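Notes for the one structure printed next.
The values are calculated or read from the model by the stated rules, or taken from the named source; none is laboratory data. The model shown is predicted, which means the values in this text are computed figures rather than measured ones. Cβ placement follows ideal geometry from the backbone for every residue including glycine, while neighbour counts extend to all protein chains displayed. When the accessible area is computed, the model is the full protein with side chains, heavy atoms only, and any ligands, DNA or RNA have been set aside. Shrake-Rupley method; radii C 1.70, N 1.55, O 1.52, S 1.80 Å.
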Amino acid sequence: MNRRENLKLLFTGSVGAGLLLTGCEPEQVAVQNQVLTGGTIGGRTEEEKLRDSQLLSETFFTEAEVKKLNTLVDIILPAGEDSPSATELKVPDFIEFMMKDQPGNQTPMRGGLMWLDFESDELFGKSFNELGKDQVIQIVELVAWPDKAAPEYAGAVRWFNMLRNLTCSGYFSTQAGWKYMDYRGNTPNVWDGVPQKVLDQYGLANPDKYKDLYLKPEERGTIAQWDEEGNLVG
């Protein structure tokens with residue numbers, strides 16, 4: 001199974017119903033283009049838009065932390081033959097916004113990024129941003145697989161899980177992410193009535209009086225009309 005198929009299984013299941021870190025249960029996620037009283041298209045009030053602008057004007061991550069994020073998100077979701085990398089889709093910018101939108105995540109996120117330097121110094125005698133690619137992967141492997149991680153890395157595993165979830169949430173909330181997943185949104189189903197072989201199997205038939213009114217593929221866009229007694233007339 002390739003990476004695309006693995007991701008489809010993850011993001012088309014219940015975990016992906018409301019993305020991963022929206023802070024809401026799936027049924028609480030706002031409906032796109034819903035208009036709320038006193039609000040705007042998409043359910044954004046003027047107060048919310050003002051808050052967003054304020055958060056966007058602030059900076060949480062340092063330059064050194066952004067460099068670490070760039071390295072890590074591209075390990076989690078690197079560029080492929082038919083997909084851009086996480087940094088190409090500005091996933092670190094998304095994580096920056098989420099740190100300010102959900103400030104409760106700031107301390108564990110910053111703690112995890114600090115842990116990278118402690119572990120790098122312990123193993124290689126230098127900071128994380130100074131490591132080569134193989135050394136970076138060696139550290140990531142310590143926490144990327146929860147079932148295999150040593151007990152002493154439990155805290156770092158929880159941090160990396162949060163980072164991975166944020167990375168995937170940012171990536172798959174973009175048009176390029178949707179395209180990579182081949183996500184097409186809500187697509188109407190087509191039903192042309194009970195198949196004739198099923199009717200034959202149970203000895204049933206459609207009433208002849210409706211024969212000229214049965215759904216025809218070329219007329220799917222036509223709105224049905226009913227008389228006052230509830231009979232289909234056109």
Exercise. Would a scan of the range 145-159 turn up a residue that is open to solvent by 30 Å² or more (accessible area, probe 1.4 Å) and touching a strand residue (DSSP E or B) at 6+ places or on another chain (Cβ under 8 Å)?
Worked result: no
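Can you confirm whether the range 111-119 contains a residue that is among the acidic types (Asp, Glu) and surrounded by 14 or more Cβ atoms within 10 Å (Cβ to Cβ)?
yes
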For this session: Could you name every one of the helices (runs of 4 or more DSSP H) located completely within the range 39-102 that has at least 3 residues being at pLDDT below 95 and surrounded by 13 or more Cβ atoms within 10 Å (Cβ to Cβ)?
Result: 46-57, 91-101
Seminar exercise, completed: Subset of the range 120-141, residues surrounded by fewer than 18 Cβ atoms within 10 Å (Cβ to Cβ) and either hydrophobic (A, V, I, L, M, F, W, C) or touching a Lys or Arg at 6+ places or on another chain (Cβ under 7 Å) (or both), comes to LEU123, PHE124, ASN129, ILE137, VAL140
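Yes/no per residue for (1) under 30 Å from SER83 (Cβ atoms); (2) charged (D, E, K, R); (3) modelled with pLDDT of 85 or more:
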position: GLN175; (1), (2), (3): yes, no, yes
position: ARG184; (1), (2), (3): yes, yes, no
position: THR187; (1), (2), (3): yes, no, no
position: LEU213; (1), (2), (3): no, no, no
position: ASN231; (1), (2), (3): no, no, no
